[in-house]
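A quick write-up on the structure given underneath.
The values are calculated or read from the model by the stated rules, or taken from the named source; none is laboratory data. Bear in mind that the values here come from a model prediction, so they are computed numbers and not experimental data. Ideal geometry is used to build each Cβ from the backbone, glycine not excepted, and the neighbour counts take in all protein chains shown. Heads up: the accessible areas ignore ligands, DNA and RNA and are worked out on the full protein's heavy atoms, side chains in. Shrake-Rupley method; radii C 1.70, N 1.55, O 1.52, S 1.80 Å.
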Amino acid sequence: MNTDVLVVGAGPTGLALGIDLARRGVDALVVEKADRLFPGSRGKGLQPRTMEVFDDLGVLDAIRAVGGSYPVGMVWQDGERVGEHRMFDEAEATEDSPYNASWMVPQWRTQEVLFARLEELGGRVSFGREVVGFEQDADGVTVRFAAGADVRARYVVAADGGRSVVRRTLGIGMTGETVDPNPLLVADARITGLDRDNWHVFPPRGESGYLAICPLAGTEDFQVVAQFPEGTRVDLSPDAIRTVVAARSHLAPESVTEVRWASDFRPRAALADRFRSGRVFLAGDAAHVHSPAGGQGLNTSVQDAYNLGWKLGAVLRAGAPAALLDTYEEERRPIAAQMLGISTGVHRGEVRRGEATRQLGLGYRDSSLTEETRTAPDGLRAGDRAPDGKLAGTRLFDAFRGPHWTLVAVGAEAPELPESVRVVTGDEQPSYGKGLFLVRPDGYVGWAGEDASKLTEYVGRGVTR
């Protein structure tokens, strides 16, 4: 069969990309090696910037309905509560940042929400499709599977995880480090004897590592995280997990009534040497592997998809120049490197979970797509995230929602632009200041200035299609 885009991997990255492509009318197929969606909770934290992305993709209400806010940490010692531990720096929602706190949703449930939205838009996921090889030429990529017919695609996106078969087949290396040599157990379990109002933390005792038990919002489950000494082979059996919980807390083994999913890993940070090879792109964990601390991996991955989706749509459906796709690696690889540093810093206790982890301050000021034409801009600049707010009675996030570009004209006359660009005008917007701000489909200011003729020149390049 033939398709425009083949997305390998039905995790949050692949599903988010599938949604973005489907709403742009791009023929895309998501394939997944497993016979079902990932069943565990490993990535459970959604950062404010990802909530803004989900607003645009049409899943925010569903995500809010199945999740909840993070509980306060409670430190235990010898069966007694000895004090609270604030895991996050608190932040108030504001008009320009309406989703300014982390939101907890187990990864499996996030994927269910994304999968339902993809199907609603007519998108497809084919399970049990293991990629075993591919060949690319000037016109496309032919992908082979362990079972089933080959697929011919104009572009392929590898969203198949940290052990990406696609990345390895391309011969793209990963540069990184071991963040912590001590292996971790992560499990989803049903547990009695603990309240669901706290994230329960049991500090190390003797030679054993720490234990943390966090109630998973919107479920009856707890996420169990336990650290082990370097070189330990972690036993994932239910009885072994019961033993660990009993040894490191005041709970009895039978308090763990059910283990629903379990995994082990060694925290590491690694970045792919390239995010693209010809017609094949890397996204998500296939491109960057994070420590889970700080909740940056899933969020950075979803935003890879959000960056790449509009560019593929513009090239495949709107006649934008193919060179637009070169900006994916240019923009996302530096961001991934920055977020890897933050994840590692949080893991090692060097960075607080707060402003740095919310991802609202990330941007593309140095991108070749970014054009700031003012000599001395004050405040919002080209390349920055476009804030929310009201302009002449219109909520800006409402205006941005959808696969189009948006011109925000504050106290300035808007030039004549293609119908594909939505225009919002008004006299005053404190988060923007005066001027013309052309907002990309992924919510970043692509062009900023006061000279309408220079804006027309930017639009004439064809990237706004």
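Structure summary
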quantity	calculated
Note, ³J(HN,Hα) from phi for the stretch 455-461, Karplus 6.51, -1.76, 1.60, rounded to Hz, x at Gly and Pro	5, 4, 5, 4, 4, x, 5
Listed peptides 9-22, 252-265 by packing density, highest first (mean Cβ within 10 Å)	9-22, 252-265
Antiparallel bridge percentage (DSSP; both residues within the chain; nearest 5)	65 percent
Relative contact order (percent, whole number), the chain, Cα cutoff 8 Å, 6+ residue spacing	17 percent
Pairwise FRET efficiency - Asp273 versus Ala240, Cβ, R0 = 25 Å, nearest 0.05	0.10
Cα gyration tensor shape for the stretch 56-111, rounded if a/c is under 1.5, else prolate or oblate	oblate
The stretch 1-50: C-alpha gyration tensor shape, a/c 1.5 cut-off, then a/b vs b/c	oblate
Rounded to the nearest 20 debye, dipole of the stretch 38-169 from Cβ charges on Lys, Arg, Asp, Glu	720 debye
The stretch 1-111 shape via C-alpha gyration tensor axes, a/c threshold 1.5	oblate
Contour excess over end-to-end distance, with Cα ends at Arg168 and Tyr210 and 0.36 nm allotted per residue	11.7 nm
Paramagnetic label zone (point 7 Å from Cα along Cα-to-C-beta, Arg64; backbone N under 19 Å) in the stretch 19-58	45-58
15 Å Cα-Cα reach of Lys434 towards aspartates and glutamates, excluding residues that sit fewer than 8 places from it in its own chain	Glu372, Asp378, Glu413, Glu450, Asp451
Computed magnitude of the charge dipole of the stretch 129-276 (debye, nearest 20; Cβ of K, R +1, Cβ of D, E -1)	380 debye
Note, ³J(HN,Hα) from phi for the stretch 36-48, Karplus 6.51, -1.76, 1.60, rounded to Hz, x at Gly and Pro	7, 5, 3, x, x, 10, 3, x, 10, x, 9, 7, x
Leading residue at positive end of dipole, the stretch 95-231 (Cβ point charges), from Trp199, Phe115, Val105	Phe115
Nearest-ten-degree value, helix 12-23 long axis tilted from longest Cα axis of the chain	30 degrees
Long-range HN-HN contacts of Ala412 with modeled amide H, under 5 Å	Gly426, Gly435
Length gained when the stretch Met1-Arg124 is fully extended (0.36 nm per residue, less Cα-Cα span)	42.9 nm
Sites Glu135 and Glu254 - FRET efficiency at Förster radius 60 Å, r taken between beta-carbons, to 0.05	0.65
Area of Val82 that stays accessible when all protein chains are in place (1.4 Å probe, Å², to 10)	80 Å²
Over the stretch 18-172, relative contact order from alpha-carbon pairs under 8 Å, at least 6 apart, %	28 percent
Gain in span if fully extended, Ala116 to Val75, counting 0.36 nm per residue against the direct Cα distance	11.0 nm
5 angstrom amide H check on Glu371, placed H, neighbours 5+ away	Trp447, Ala448
Computed over the stretch 176-243: relative contact order in percent, which uses C-alpha pairs under 8 Å that are six or more apart	37 percent
Built amide H within the under 5 Å cut-off of Gly133, gap 5+	Arg144
At R0 = 41 Å, FRET efficiency that the Cβ-Cβ distance of Asp150 and Arg381 yields, to 0.05	0.30
Quarter of Cα convex hull surface for the chain, i.e. mean projection, nm²	22.3 nm²
Packing-based ranking, highest mean first, of 298-305, 385-392, 229-236 given that Cβ atoms within 10 Å are counted	298-305, 385-392, 229-236
Heavy atoms of Lys33: accessible area, 1.4 Å probe, square angstrom to 10	130 Å²
Whole-Hz couplings from phi, Karplus 6.51/-1.76/1.60, listed for the stretch 105-120; x for Gly and Pro	9, x, 4, 4, 6, 4, 5, 4, 5, 5, 4, 5, 5, 4, 5, 4
Ordering of 217-226, 156-165 by packing [mean C-beta count within 10 Å, highest first]	156-165, 217-226
